[in-house]
Every structure is written in structure tokens, then in C-alpha cells.
Amino acid sequence: MSAHGTTPYTQVFTGKRKNDLDAILLRYPNKQAALLPALWIVQEVHGWVSEEGMTEVAAALGLTAAYVKGVVTFYTMYHQHPVGKYFVQICTTSPCLCAGADKVTEAFLKHTGCNELGVTSPDGKYTVIEVECLGACGFATPVQINADTVENVTADKVQQILAGLK
Amino acid sequence: MGYPHKTHPRETAILSKHFGETEARTLDGWKKRGGYRALEQALAMTPAQIVDIVKASGLRGRGGAGFPTGMKWSFMKPGDGKPHYLCCNADESEPGTFKDREIMRWTPHALVEGCAIGAYAIGAETAYIYIRGEFTECIDWMEKAVAEAYAAGIIGNNAMGTGKRIDVHVHKGAGAYICGEETALMESLEGKRGNPRIKPPFPAVSGLFSQPTTINNVETLVAVPHILMNGPEWYKAMSLSSPKSTGSKLFSVCGNVSRPGNYEIVLGFPFKDFLYDLCGGPQPGRKFKAVIPGGASVPIQTMEEAEATMMDYEGFVAQGTMLGSGGVIIFDDQQNMPRMIARLARFFAHESCGQCTQCREGTAWTTKILERIVAGQGTFEDLDTLLELADNMTGKTICVLSDSCAAPVVSGLQKFRHEFEALITGKRSSMSTGAKLTAQSSQLSAAASTGLSV
Ligand SMILES: Cc1cc2nc3c(=O)[nH]c(=O)nc-3n(C[C@H](O)[C@H](O)[C@H](O)COP(=O)(O)O)c2cc1C
Ligand code: SF4
Ligand code: FES
């Protein structure tokens with residue numbers, strides 16, 4: 001993961017990934033519609049979407065970098081800063097709150113060493129945030145760690161979940 | 001079925017029949033269960049014939065508004081020389097709702113089939129399934145199913161050897177509740193910010209890429225193959241109440257209840273039996289206090305109202321609320337209603353796209369005032385201000401997110417006013433006030449930095 005300005009930016013859309021993008025473009029009548037998918041690829045490769053990433057996407061799709069930034073900032077799932085190796089999202093919307101999501105959040109903040117929401121732990125391993133409904137309300141409290149959703153999380157299971165992360 | 005529980009004997013498992021069966025996720029497993037026979041049958045009919053069957057079935061949209069599906073499809077004019085599009089709304093972000101997730105996770109081919117039939121019926125050669133970005137497992141299963149269907153020639157340039165082109169693509173969202181609103185979803189698919197559009201023009205005239213478009217919820221589309229296979233009369237006969245509410249419907253159940261999960265029942269089912277029998281009633285030693293039956297956007301019911309409700313489109317309205325998306329949120333006697341409502345308001349404030357002043361400012365101020373009340377610093381004037389704000393937020397904006405924020409606040413104040421008053425007068429003692437709701441408030445205060453004093 002390259003922090004902004006410290007390591008040179010590596011191009012995303014070369015070789016196989018360029019072909020992937022070309023295949024995606026075939027699904028839509030114009031290039032702009034491939035914007036969200038292209039940003040997802042950048043985030044997969046770099047872990048976040050940097051200004052350079054936005055510029056590269058803009059060039060690939062014939063858009064301006066400023067336009068791309070305007071779109072990136074609308075959506076909550078594109079990271080505009082590097083995040084911890086494990087990105088932990090806890091749903092705290094009412095259906096999960098009434099089932100104890102606040103206690104789950106406290107436990108994650110404590111056991112990851114993050115202590116504060118949105119702040120990456122000193123060892124760079126974890127970033128914990130609260131999110132709105134994850135669409136898994138019957139499995140309260142759902143916690144999304146990177147791409148995986150862990151269901152039925154309670155405060156007392158948090159240490160074990162963290163220990164199980166590879 | 002009540003996944004993760006076994007199917008309750010009083011459920012009618014049609015859409016959810018194969019939840020929990022891993023084999024049903026594959027093309028072979030799906031075909032063994034009768035998959036793609038309805039598509040084959042559909043492709044032998046004219047689009048108009050399919051639309052007529054869906055109309056006759058009485059199927060209504062399962063995404064929230066309950067609009068008759070056949071009528072929606074009939075607004076499209078196949079053969080007008082324009083490209084048509086079908087959008088499948090799999091953004092499922094309404095708090096309390098998690099049924100489309102299970103449909104896609106367990107029966108991805110059912111949705112491919114529903115999309116292919118829907119696309120053909122409205123004269124579209126392309127269908128996009130817009131899935132919320134957090135649903136990574138659903139996205140994986142849907143992408144696998146789409147790839148399998150292409151490889152088998154079920155969809156593509158020559159769908160099932162009929163010479164018809166039907167493309168189905170999965171499109172991954174990126175975190176925004178508002179993209180579930182139909183025109184915001186189209187904007188998002190076009191690579192834009194998800195701002196709802198002013199209507200008219202309606203999508204059937206100018207939708208995705210400015211072309212005639214139909215948008216349907218996941219559950220709506222997966223019901224269609226069953227209607228084609230069994231006939232519209234079969235579907236229509238599935239009703240325990242009004243002929244305006246037909247078929248089976250999945251209800252997601254969450255909150256303070258013994259058996260949370262998805263339950264599929266025939267519309268018109270008694271809500272009391274649903275809550276106490278199917279869902280197992282309250283957790284041991286507790287009592288139910290309130291229900292939000294159709295996802296966070298609909299008015300709250302007292303138990304008295306809930307227990308008198310017939311579970312259909314009219315039945316919920318008759319008891320002061322709406323069927324909505326079928327996301328049943330249950331609160332028990334240990335919950336502090338103002339705290340739960342404040343957290344819902346924060347949800348809407350967070351998700352407002354910010355285009356309309358009433359919504360942007362209204363949701364932020366509503367949240368701020370509610371949180372102040374929950375923290376024990378509210379005044380009686382605040383209660384009036386909340387109602388004034390709600391009035392200003394209802395029926396005045398581009399989309400109904402603003403109205404949705406007002407619904408739980410107004411109904412909460414009507415039905416649980418004593419809890420708000422107890423917080424204001426400091427009389428509440430038995431329940432935790434939960435003064436520190438959750439964080440994230442900095443975003444809200446940025447939006448609410450003008451006007452009213454805090
Ligand atoms: C703020 C907002 C969010 C919505 N979210 C969803 C959603 O996540 N899924 C959905 O199917 N419909 C959602 N809807 C309803 C859609 O706008 C639309 O009515 C629905 O997808 C139509 O499909 P149907 O006729 O099959 O129900 C939402 C509406 C609003 C105003
Ligand atoms: S009502 Fe709210 S969410 Fe809807 S368009 Fe207006 S500001 Fe956006
Ligand atoms: S409210 Fe937490 S997942 Fe829906």
C-alpha cells in the first residue's frame with residue numbers, strides 16, 4: 001500500500017487489468033458507466049483511491065480528474081486515505097443498536113488498540129468504523145472485515161474474531 | 001423458510017424454498033429444481049402475453065412502493081426502435097431488510113432467470129443487477145451464476161437458441177443508501193453521484209442512459225418465473241385477504257425477538273400470529289413494545305396496532321403504517337424509543353444526498369434535537385420543533401427520503417410521547433438513556449451549522 005506522495009504510483013490499468021477494464025467497458029453503451037467498476041479495481045490493487053488513481057481512471061475513461069473526485073467523494077466505500085490491513089465496519093443503525101452494537105463497537109476499539117473510530121491502530125493493522133445498515137439486520141451485530149461479513153457478533157466474541165484474522 | 005431456522009409449518013415457501021441448499025446455487029442444481037423452464041416458456045411467448053400474465057397475477061413491487069408490476073411493464077413499448085433497459089434493484093439498504101441478500105446468496109439463478117424474463121417482456125436486451133457494494137458474497141454468487149448462464153447459452157446473443165439477445169450484467173455499488181431510489185440508481189450506474197432525478201420524466205420514458213427503462217426489486221423479479229410456470233390464477237388465489245394483495249412475500253425480522261430471520265408468508269397473514277408464533281415472540285422475560293413493520297422508512301406501530309394488523313398492503317395502512325419493504329424491526333420493553341428513533345434519524349441524515357434544503361437541513365436538525373433529548377438536555381419546545389421540521393420535510397422534496405425520516409419521528413412522538421417527556425423532565429430511571437449514541441456526529445454538525453441554537 002503506497003501512502004500518498006511517498007512511493008511512486010504504480011499504474012493499475014496495464015496487462016491483465018487493462019483487459020479486464022476493456023471487458024467491463026463492453027457491458028455499457030458509454031465509458032463513463034464503467035467509472036464505479038474502474039474505481040473498485042484501483043481500490044483492490046492499492047487498498048485505497050489516491051489522487052493519482054483518480055487521474056488514471058479519468059484518463060482511461062475520458063473524464064476529468066475533478067469529475068472523478070466528485071464521484072468518489074459521494075460514495076462511502078472508496079477510501080480516500082490508506083486504511084489498516086483489516087478494515088472493520090460495524091453496523092450501529094437502530095435494529096443492530098437495540099441488539100447491542102454499541103458494546104460490540106467498544107470491544108473492537110479496545111481490542112484493536114484503535115481506541116477511536118476512523119483512526120488506524122498504531123501497528124497499522126486495524127481501522128474500525130461505524131457504518132449504517134449492512135443489510136444483515138437479522139444477524140445482529142454484523143461486522144464487515146475487509147470483504148467478509150461476520151454475523152451475530154457480540155462483545156465477548158471480539159477477541160476471538162481478531163485472533164482468527166490471517 | 002425462516003433461514004437460519006427451519007421452515008415454519010405456517011410459512012409458504014416458494015421464493016425461499018431452496019434457501020440453505022448449497023446445491024441450488026449451481027446451474028445444474030438449479031435446473032434439477034426446475035430452473036430456466038419458465039424462461040424457455042417465456043421466450044416462446046410474445047412480450048405482451050407475458051405482461052398480461054403478470055398483470056393478471058396481481059403481483060405488486062416488493063421494493064417498497066407496491067406498484068403493480070404488470071402495469072409498470074406495460075408502460076414500455078417494445079419495438080419502438082430505442083434500446084430499452086431493465087434495472088434490478090439489489091441495493092437493499094433499508095434498515096431492517098435483508099431478504100434480497102438471502103435470495104441472491106442461495107438462489108442466484110432464480111434472479112438471472114427473473115431478469116431475463118423481465119428484460120424480454122419489456123423489450124430490453126440488457127439487464128443490470130445493481131448490488132450494494134457491501135454484499136460481496138451476493139456479488140460473488142451472482143457473478144458465478146451469470147457466467148454459468150452465459151456459458152450454457154441461456155443468456156447472451158442467442159438466448160436458449162431463440163436468436164434473441166439478452167445480456168445480464170452485475171454492477172457493484174459503492175455505499176450509498178440513496179442509490180436504492182430508482183433514479184439515483186440509474187445516475188449511479190451511469191457513473192455519476194447518486195442524486196435522485198426530478199420526475200417526470202419517468203424511467204419508462206427516459207431512464208437509464210436516457211432510454212426507456214424499468215426498474216424492479218429482486219424479490220419482484222424472482223416471483224415472475226413462478227407465475228409463468230403455475231399461471232396467474234394460482235398466484236392470485238394465494239391471498240388471505242384482499243384481491244389487491246396477492247402472492248407470497250418475504251418478511252425480514254430483526255431486533256429484540258426470539259427468532260430473527262426471513263419468513264415467507266401469503267399476504268393477508270395475521271401479524272399477531274406472525275410475531276408470536278413464527279418469530280417465536282419476545283426473548284425470555286421480555287415484552288414487545290413497538291414494531292416498525294416495513295423497514296425504517298415507515299411509521300412505528302404500538303403492539304396494539306401491530307396485533308390487529310393483516311399483513312398486506314392495505315392491512316398495514318389500516319393500522320397506521322405501511323408494508324414497505326417488509327423489514328420488521330421489533331423493540332422490546334428494555335428499549336428506549338427516543339434513542340432508537342434518534343439513531344434512525346441519524347441514518348437518514350447520513351444518507352441524504354443533500355440536493356433539497358428541507359431534507360439536508362431537516363434530517364440534520366432532527367437528529368441534533370433528538371440526540372439532545374436523549375442526552376437529557378431537551379426541552380418541551382424541542383418536541384414542537386421536531387413536528388414542525390417533520391411537516392416541512394414531508395411531500396416537498398425530490399425523493400421521499402426526507403418523508404422517510406419524518407415518519408418514525410412523527411409516529412414515535414404520537415405513540416411514545418411519554419418517553420420523550422420523561423427524558424425532558426429527568427424522570428426516566430429504569431432504562432439506560434444511552435446518552436452517547438454512537439459517533440460520526442461531526443459529519444452531521446457540518447451539515448447543521450446554521451440556524452437554530454443548540
Ligand atoms: C430512499 C429510497 C431507497 C430505496 N431503496 C430501495 C432498495 O434498496 N431496494 C429496492 O428494491 N427499492 C428501493 N427503493 C424503491 C425504489 O425506488 C423502487 O420503487 C423499486 O426498486 C421499484 O421496484 P418494484 O416495483 O419491483 O418494487 C427505495 C426508494 C427510496 C425513495
Ligand atoms: S429528498 Fe433528500 S435524498 Fe431525496 S433528493 Fe432530496 S436531498 Fe436527496
Ligand atoms: S441495521 Fe444493522 S445490518 Fe441492518
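At a temperature of 10 °C and a viscosity of 1.306 mPa s, determine how fast the stretch B:315-413 diffuses translationally according to Stokes-Einstein, using the Kirkwood radius over alpha-carbon pairs as Rh; express D in µm²/s, rounded to the nearest whole number.
Working: Rh = 13.9 Å.
The estimated diffusion coefficient comes to 114 µm²/s.
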Q. Among the GluC sites (Glu not before Pro) within the stretch A:96-166, which fall in a DSSP loop and have no more than 12 other Cβ atoms within 10 Å of their own Cβ?
A. A:E116
Q.
What lysines does B:K272 reach when the alpha-carbon gap must be under 17 Å and sequence neighbours fewer than 8 apart in one chain are set aside?
A. B:K249, B:K287, B:K289
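Pop out the carbon and sulfur fraction of the accessible area of the stretch A:15-74 as a percent, whole number, probe 1.4 Å. Please report the intermediate quantities before stating the final value.
Numbers: 1470 of 2580 Å².
Carbon plus sulfur share of accessible area: 57 percent.
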Q: Return the long-range amide H neighbours of B:I129 (sequence gap of 5 or more, or a different chain), with a cut-off of under 5 Å between placed amide H atoms.
A: B:C88, B:H169, B:V170, B:H171
**Q.** Heavy atoms of B:I139: accessible area, 1.4 Å probe, square angstrom to 10
**A.** 10
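Looking only at chain B, where both bridge partners belong to it, what percent of the DSSP beta bridges are antiparallel (to the nearest 5)? Can you show the working numbers first?
Working: 16 of 38 bridges.
That works out to approximately 40 percent antiparallel.
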Q. Whose amide H sits under 5 Å from the amide H of B:I155, counting only residues 5 or more places off or on another chain, with H placed in the peptide plane?
A. B:Y150, B:M160
Q. What spacing in nm lies between the two simple spin-label points modelled at B:S242 and A:N115, each 7 Å away from Cα in the Cβ direction?
A. 5.8
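If you take the square roots of the eigenvalues of the alpha-carbon gyration tensor of the stretch B:52-175 and sort them as a ≥ b ≥ c, do you get rounded (a/c under 1.5), prolate (a/b over b/c) or oblate? Kindly include the intermediate steps, with their values, before the conclusion.
Values: a/c = 1.84, a/b = 1.14, b/c = 1.61.
Judged from the Cα gyration tensor, the stretch B:52-175 comes out oblate (a/c at least 1.5, b/c at or above a/b).
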Q.
With both bridge residues required to lie in the protein assembly as shown, what share of the DSSP beta bridges run antiparallel, to the nearest 5%?
A. 45
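If you keep only loop residues by DSSP, which chymotrypsin sites (Phe, Trp or Tyr not before Pro) in the stretch A:12-101 have at most 12 other Cβ atoms within 10 Å of their Cβ? Walk me through the numbers on the way to the answer.
Details: sites: A:F13, A:W40, A:W48, A:Y67, A:F74, A:Y75, A:Y78, A:Y86, A:F87; in loops: A:F13, A:W48, A:F74, A:Y75, A:Y78.
The qualifying sites: there are none.
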Q.
Treating only the Cα positions of the stretch A:15-74 as identical point scatterers, give the base-10 log of I(q)/I(0) from the Debye formula at each q in 0.15 Å⁻¹.
A. -0.38
Q: Search the structure for amide H atoms under 5 Å from the amide H of B:Q334, placed 1.01 Å from N in the peptide plane, and list their residues when 5 or more places away or on another chain.
A: B:K287
Q | Vicinal HN-Hα couplings computed from phi for the stretch B:273-286 (Karplus, 6.51 cos²θ - 1.76 cosθ + 1.60; Hz; Gly/Pro x) | A | 5, 4, 5, 8, 9, 4, 7, x, x, x, 5, x, x, 10
**Q.** Cα gyration tensor shape of the stretch B:22-237, rounded if a/c is under 1.5, else prolate or oblate by comparing a/b with b/c
**A.** rounded
Q. So how many Lys-Lys pairs in the stretch A:3-142 land under 30 Å Cα to Cα, not counting same-chain pairs under 8 apart?
A. 15
Q. Normalized C-alpha radius of gyration of the protein assembly as shown, against 2.2 N^0.38 Å?
A. 0.94
Q | In Hz, Karplus ³J(HN,Hα) per residue of the stretch A:27-40 (6.51, -1.76, 1.60; θ = phi - 60°; x = Gly, Pro) | A | 7, 10, x, 9, 6, 4, 4, 8, 4, 4, x, 5, 5, 4
Q. Within straight cross-link reach of B:K144, meaning Cα distance under 18 Å, which aspartates and glutamates are found once same-chain residues fewer than 8 apart are removed?
A. A:D20, A:D148, B:E21, B:E23, B:D28, B:D100, B:E102, B:E113, B:E134, B:D167
Q: Quick one, could you list the DSSP H helices from chain B stretching 18 Å or more along their long axis (Cα atoms) with average Kyte-Doolittle hydropathy of -0.5 or above?
A: B:108-121, B:136-151, B:218-230, B:337-351, B:357-374, B:380-393, B:401-415
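Hey, what did chain B get for relative contact order, percent, Cα under 8 Å, at least 6 apart?
On the way: 954 pairs, mean separation 70.7, N = 454.
Relative contact order for chain B comes out at 16 percent.
The values are calculated or read from the model by the stated rules, or taken from the named source; none is laboratory data. Predicted model only: the values in this text are computed from it and were never measured. Methodologically, a virtual Cβ is constructed for each residue, glycine included, from the backbone with ideal geometry; neighbour enumeration extends over all protein chains shown. The protein model used for the area step is the full one, side chains on, heavy atoms only, and it has no ligands, DNA or RNA in it. Shrake-Rupley method; radii C 1.70, N 1.55, O 1.52, S 1.80 Å.
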